[in-house]
Amino acid sequence: MPLLSEEELIRLNKFQLSAKSVVEGFLVGLHKSPYHGFSAEFSDHRQYNPGEPLKDMDWKVLAKTQRYYVKRYEEETNLRSYILLDHSKSMFYASGKSSKIEYAKRLTGALAWLMISQKDAAGLYTFNTKITSALPPKAIRSYTSQIFGRLMELQPEDKTDVLIPLHQIAELIRKRSLVVLISDLLDDPDKILSALKHFRARHHEVLVFHIVDPQEESFEFKRETEFVDSETGDKITVSPWQIRKEYLANIQSFTAYLKTECQKNQIEYNPVSTATPLEDLLLKYLIKRKRG
């Protein structure tokens, strides 16, 4: 990664601290919740299996708990995870203070931190109409700085086109992995499903976070409004109350179709408003991780 200016370095440190804070707060809450069974995922140990060498046995843990655990090292990863992040122009829309891309970047950062905290390997692909960067999965804590640095560099580019880049990524990922797609999915639903099925055909686990702005869900515009397509520049002026019912029906039909087809193909699909707390999405990841 190129040398950062002082301002960029400050932003990078703030981003990393934010991700760390979200994940650690989430984990503390998780241990106190009905989902406390996940807590073993975050130990630096794993259960001893009879017949294994005793050199890595943690005798202090044995003395305290009367349970047999061995130390687990950085290179002993449980899973390879790839986060696929869309940074097409439509992802930069915001009806409030936070855009879809800012929310998606925070989610990506928190997921990467969580994955590596679990001794899993995390990697990142960014895309729009093409693959724009590729960071292979690693399970080293210092690697998060490289991932976060790439997230900070993202600019709005091109249209949403999941078909070509996702098919290319599916061909590049050789070993069975968990694939996490983060996008607003403003594309032909059959193209989206074609790409997702490609990952499943190669035996990957797939988790989709479909990012939407609250206004995209509710369409609560109160006065005559000019809408500009961020990806094509096309403009149209409408009276929102006249088309709201039809718009909402189309959105609900689109989402329902994706959800149904994903279920058929064992793909976990989650429509997510940018108003959703990140902790809720981290739990969805953990549940998927536990099944995988």
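How would you rank 278-288, 117-127, highest first, on the average number of other Cβ atoms within 10 Å across their residues?
On the way: 278-288: 17.3, 117-127: 22.4.
Highest mean packing first, the order is 117-127, 278-288.
Hey, what do the phi angles of region 182-188 turn into as Karplus ³J(HN,Hα) couplings, whole Hz, using 6.51/-1.76/1.60 and θ = phi - 60°, x for Gly and Pro?
10, 7, 8, 6, 7, 7, 4
Given labels modelled 7 Å from the Cα in the Cβ direction, how far is it in nm from K97 to F254?
With each label placed 7 Å out from Cα toward Cβ, I get 2.7 nm.
Using the Karplus equation 6.51 cos²θ - 1.76 cosθ + 1.60 (θ = phi - 60°), what ³J(HN,Hα) coupling, rounded to whole Hz, does each residue of region 143-155 give in order, writing x for Gly and Pro?
Per residue, the Karplus-derived 3J(HN,Hα) values read 5, 4, 4, 5, 5, 5, x, 5, 4, 5, 7, 4, 10 Hz.
If amide hydrogens are placed 1.01 Å from N in the peptide plane, which non-local residues have theirs closer than 5 Å to the one on D158?
Result for D158 returns K89.
Taking θ = phi - 60°, what integer Hz values does the Karplus form 6.51 cos²θ - 1.76 cosθ + 1.60 yield along region 127-137, in sequence order, with x for Gly and Pro?
Taking θ as phi minus 60°, the curve returns 7, 9, 8, 8, 6, 9, 6, 9, 10, x, x Hz for region 127-137.
If the convex hull of the alpha-carbon atoms of region 80-291 is projected onto planes in all directions, what is the mean projected area in square nanometres? Mind showing how you got there, number by number?
Numbers: hull surface 45.1 nm².
Averaged projected area of region 80-291's Cα convex hull equals 11.3 nm².
Computed from the coordinates by the stated procedures, all read-outs in this text should not be read as laboratory data. In this text, all values refer to a predicted model and were calculated from it rather than measured experimentally. In this analysis, Cβ positions are derived from the backbone assuming ideal geometry, glycine residues included, and neighbour counts consider all displayed protein chains.
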